[in-house]
Amino acid sequence: MVKKVNTATLVVVLVSASLASAQTKAAAHSLIGVWKLDLKQSKSDSEPLPKSATITILKDTPDAVAWRYEAVDAKGQSVAFSWSGPPDGSMQDVKNGEGQGVGKESLKREGDVVIRHGEVSNGPTFDGRLTISADGDTFTNVDTTKTQDGKTSTTTTVYHRVPGAEPASK
């Protein structure tokens, strides 16, 4: 059964998950692992943040990245998305929990910053930047979203690595 996806939720997902997974070439820290959203340090100036979110980085190499995002959105609905592809700036499908494409995203590393661009099907676009803490246990996403009517908003999400948690493939 295909569920209707809230566009704002999908944008937050695309922004957060892609940022987390893009730390690849010349990375000081591997991002493979499980990451939890810190709601106290995160904020959005337009849409409510999810009630909870976990990003699992399944692969993090110079040639390939893969992530899975699972959350409970602000309305209490469970959502899941995944992405995999090369970190070369090319657009790749973002898939929902049923494996259907719901948007496209690109990732590219420029020095210590990860640059991302995403497009939601029939919806907004976003551009984002990711920074990783010196100890490799926290990452911060700052993303700017632009709606089809030209309105912009900013979302900042902070994730912390779950110590000892290993990603389970699905």
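Derivation of every value follows stated rules applied to the coordinates shown; laboratory data play no part. Just so it is clear, the structure is predicted and the values come from calculations on it, not from any experiment. Methodologically, a virtual Cβ is constructed for each residue, glycine included, from the backbone with ideal geometry; neighbour enumeration extends over all protein chains shown.
Numbers for the structure displayed
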read-out: Nitroxide proxy distance, nm - points 7 Å out along Cα→Cβ at Thr61 and Thr131; value: 3.1
read-out: Within the range 100-141, backbone nitrogen closer than 20 Å to the virtual label 7 Å beyond the Cα of Lys36 toward Cβ; value: 133, 135-141
read-out: Residue-count net charge about Asp38 - beta-carbon cut-off 14 Å; Lys, Arg +1, Asp, Glu -1; value: +4
read-out: Proximal charge balance of Glu119 [Cβ under 9 Å; K/R count +1, D/E count -1]; value: 0
